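The values are calculated or read from the model by the stated rules, or taken from the named source; none is laboratory data. Keep in mind that this is a model prediction, so the values were computed, not measured. Ideal geometry is used to build each Cβ from the backbone, glycine not excepted, and the neighbour counts take in all protein chains shown. Only protein heavy atoms, including side chains, enter the accessible area calculation; ligands, DNA and RNA are left aside. Shrake-Rupley method; radii C 1.70, N 1.55, O 1.52, S 1.80 Å.
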Amino acid sequence: MDDFGGAGQVSFYREGRAGVITLNRPEALNALTHGMVRAMAAALDTWETDPGISAVIIRAEGRAFCAGGDIQAIYRAGKAGEPLYDFFADEYRLNARIESYPKPYVALIDGIVMGGGVGVSIHGSHRVFTENARFAMPEVTIGFFPDVGGSRFLPRLPGCLGMWLGLTGSRLGWAGAIRCGLASHAVSSARMNDLVTDLCAGQDPDAVLQRYSENPSGGLDDGTIEKIGDMFSATTLTGLLEELREASGRGDNFADETLGKMARASPTSLHVAFRQIRSGAQLTMRQCMIMEFRIVNRMLQGHDFYEGIRAAVIDKDGAPRWQPANLQEIENAAIDRYFEPLQSGDLDFGASSDAAVMP
């Protein structure tokens with residue numbers, strides 16, 4: 001077993017031709033800590049140049065792949081006046097590292113995958129979902145935004161599925177994830193150990209996964225995808241909501257349900273996420289991470305993120321008090337500030353930072 005740190009919350013070992021990362025914090029749904037992020041980055045650096053490693057596999061213990069970042073730690077640090085800027089900087093660099101990793105990076109998602117868990121899986125070359133997988137990016141409901149590269153992958157999903165997922169926090173199982181391209185393969189959980197054995201033997205991941213892959217039924221149907229395309233194609237958030245309200249007024253249950261989901265979100269988060277997802281369609285991965293780091297800095301200095309965490313996981317009253325409390329109170333200039341360059345300096349990627357300069 002390789003020791004890259006992580007305090008036992010993530011383990012690393014070599015099996016055959018593969019480097020295997022195992023998230024090992026099941027009691028916390030494998031929520032990512034700063035130590036876990038740094039350890040994974042160190043492993044990827046070492047394994048990239050190791051001729052004995054032909055692929056990287058990431059998997060997890062317990063019923064969750066990874067439910068996100070450790071938001072309780074983020075809450076405590078923020079309330080103590082020590083926002084975790086460095087955690088997000090290292091996490092975003094890791095996300096970008098995975099997206100450009102030169103060796104196959106195979107994520108085995110056999111449970112809940114949200115937030116930070118999406119960041120260490122969806123950007124990989126192979127994303128394997130089982131029947132137990134449940135994908136969601138519900139950040140707007142806790143006063144945050146779909147980060148960890150959400151601005152990169154969400155606008156690149158077919159139609160307007162990415163905007164729908166980012167603004168509503170809707171969940172997808174393995175069939176829906178395959179349908180929209182979040183998952184590259186669907187494999188039954190009962191076959192997962194055999195799949196790992198073949199991958200570790202050094203066989204070509206594409207060939208291995210082709211043998212194990214299934215075509216699950218259900219998930220998003222054509223009618224729902226068409227509705228999402230019609231309702232979420234507006235060029236402004238106001239226009240999008242008008243489309244939903246008109247459809248709801250005609251008795252469309254999907255539109256009514258969607259409005260209900262968005263009504264629970266932070267109004268500021270909805271505005272930021274809408275602009276972020278639209279902007280990300282024109283940006284590289286590194287440029288997306290620079291943009292997201294600008295946003296997260298402002299949110300760590302603000303109100304709604306901490307209030308959302310309080311309502312969801314600290315007091316658990318489910319009644320966040322957003323500031324501002326409704327969409328109409330928010331001016332465009334207030335949202336503009338989330339996207340402005342940081343006075344302290346934008347996120348950098350070391351010697352190759354020039355390639356990430358924002359347009």
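Observations on the structure shown:
- Nonlocal amide H pairs with residue 111, under 5 Å, H built at 1.01 Å: 65, 130, 133, 134
- Per residue value of the accessible surface for the chain (all protein chains in place, 1.4 Å probe), Å²: 41 Å²
- The relative contact order of segment 85-148 comes to 34 percent, based on Cα pairs under 8 Å that sit 6 or more residues apart.
- Test item: Cα-centred dipole of segment 223-273, Lys/Arg +1 and Asp/Glu -1 on Cβ, debye: 200 debye
- Beta-bridge orientation, the chain: approximately 30 percent antiparallel, per DSSP, counting only bridges with both partners inside.
- The fraction of accessible area contributed by carbon and sulfur in the chain is 46 percent, rounded to a whole number (1.4 Å probe; ligands and nucleic acids excluded).
- Residue list for segment 118-133, given a label point 7 angstrom along the Cα-to-Cβ vector of residue 214 and an amide N cut-off under 13 Å: 129-133
- For residue 227, the lysines whose Cα falls under 23 Å of its own Cα, not counting residues fewer than eight places away in the same chain, are 261.
- Extension gain (nm, one decimal) between residue 254 and residue 61, 0.36 nm per residue minus Cα-Cα: 66.0 nm
- Computed about the Cα centre, the dipole magnitude for the chain is approximately 200 debye when only Lys and Arg (+1) and Asp and Glu (-1) carry charge, each at its Cβ.
- Distance from segment 79-102 to segment 219-256 (C-alpha centre basis), Å: 34 Å
- The trypsin sites (Lys or Arg not before Pro) of segment 31-137 that meet both conditions, a loop assignment by DSSP and at most 14 other Cβ atoms within 10 Å of the site Cβ, are 63.
- Computed from backbone phi with θ = phi - 60° and the Karplus coefficients 6.51, -1.76 and 1.60, the 3J(HN,Hα) list for segment 283-292 is 10, 6, 4, 5, 5, 4, 5, 4, 4, 5 Hz; x is used for glycine and proline.
- In order along segment 250-262, phi translates into HN-Hα couplings of 7, x, 7, 5, 5, 5, 5, 5, 5, 4, x, 5, 5 Hz, rounded to whole numbers, per the Karplus curve 6.51 cos²θ - 1.76 cosθ + 1.60 with θ = phi - 60° and x for Gly and Pro.
- Computed extension gain for residue 27 through residue 315, at 0.36 nm per residue and net of the alpha carbon distance, reaches 101.7 nm.
- Measuring nothing but how far apart in sequence close Cα pairs (under 8 Å, 6+ apart) lie, relative to its length, segment 209-359 scores a relative contact order of 22 percent.
- Taking every alpha-carbon pair under 8 Å whose residues sit at least 6 apart, the chain reaches a relative contact order of 16 percent.
- Gained length - residue 333 relative to residue 42, 0.36 nm times residue gap less alpha-carbon distance: 100.8 nm
- Working note: Karplus 6.51/-1.76/1.60 with θ = phi - 60° gives segment 118-128 the couplings 5, x, 9, 9, 5, 7, x, 5, 9, 10, 9 Hz, where Gly and Pro are set to x.
- Taking label positions 7 Å along the Cα-Cβ direction at both residue 13 and residue 131, the computed distance is 2.8 nm, reported to one decimal.
- Simple Cβ-charge dipole of segment 48-158, Lys/Arg +1 and Asp/Glu -1, about Cα centre, in debye nearest 20: 260 debye
- Reported label for calculated Rg and Dmax of the Cα atoms in Å given (i) 19.9, 61; (ii) 19.5, 58; (iii) 21.1, 70: (i)
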